[in-house]
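For reference, the structure is listed below as structure tokens.
The values are calculated or read from the model by the stated rules, or taken from the named source; none is laboratory data. Note that the structure is predicted; figures quoted are calculated from it, not measured. Reconstructed Cβ throughout: ideal geometry from the backbone, glycine too, with neighbour counts over all protein chains shown.
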Amino acid sequence: MADQPLILVVDDEEAFREIFSMKLAADGYRVETAENGKVGVEKAKQLKPALVLMDVRMPVMDGPTAVLALRDDPETKDLKVVFLTSLGDPRLEMQEMNSKVAQDFGAMGYLRKTDDLNLLNDRITAFLQ
């Protein structure tokens, strides 16, 4: 079990964390969660996950601020981070712009929470490679 990639899901919505954690665990990942960016940064530093899925809008510390904090810390600067958002626009030109914004903050890209869970798993697998 220890050889399964660890994914840290950082999101302020408890129901989303639970559903997404169950889906990821069923797909063979180990999963930890955090309820805001501040706790997410602390857990990322402690756990060194293979991938951090970071919500954009959260109380206490939002996702972009948390990603910047991870990038500023030598211990976490190279962690793979992908934004989670319910704000993504389905149009291709907007997806490209959203990906560019995510990368400007130091994330690899973004995933829309509203996408099919199986599609999200495929994209997560791609981000891990």
Exercise. Go through the stretch 114-129 and give me each residue that's assigned to a loop (DSSP other than H, G, I, E, B) and not hydroxyl-bearing (Ser, Thr, Tyr).
Key: Asp115, Asp116, Gln129
Quiz item: What is the residue count in the stretch 43-76 for residues that are surrounded by fewer than 23 Cβ atoms within 10 Å (Cβ to Cβ) and touching a residue at least 60 places away in the same chain (Cβ under 8 Å)?
Solution: 2
Exercise. State yes or no: is Ala44 at pLDDT 95 or above and either on the phi > 0 side of the Ramachandran plot or touching a Ser or Thr at 6+ places or on another chain (Cβ under 8 Å) (or both)?
Key: yes
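Residue-wise test of (1) among the basic types (Lys, Arg); (2) in contact with a Lys or Arg (Cβ under 9 Å, 6 or more places away or on another chain); (3) modelled with pLDDT of 80 or more.
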position	(1), (2), (3)
Val60	no, yes, yes
Arg71	yes, yes, yes
Leu79	no, yes, yes
Arg91	yes, no, no
Leu111	no, yes, yes
Leu120	no, yes, yes
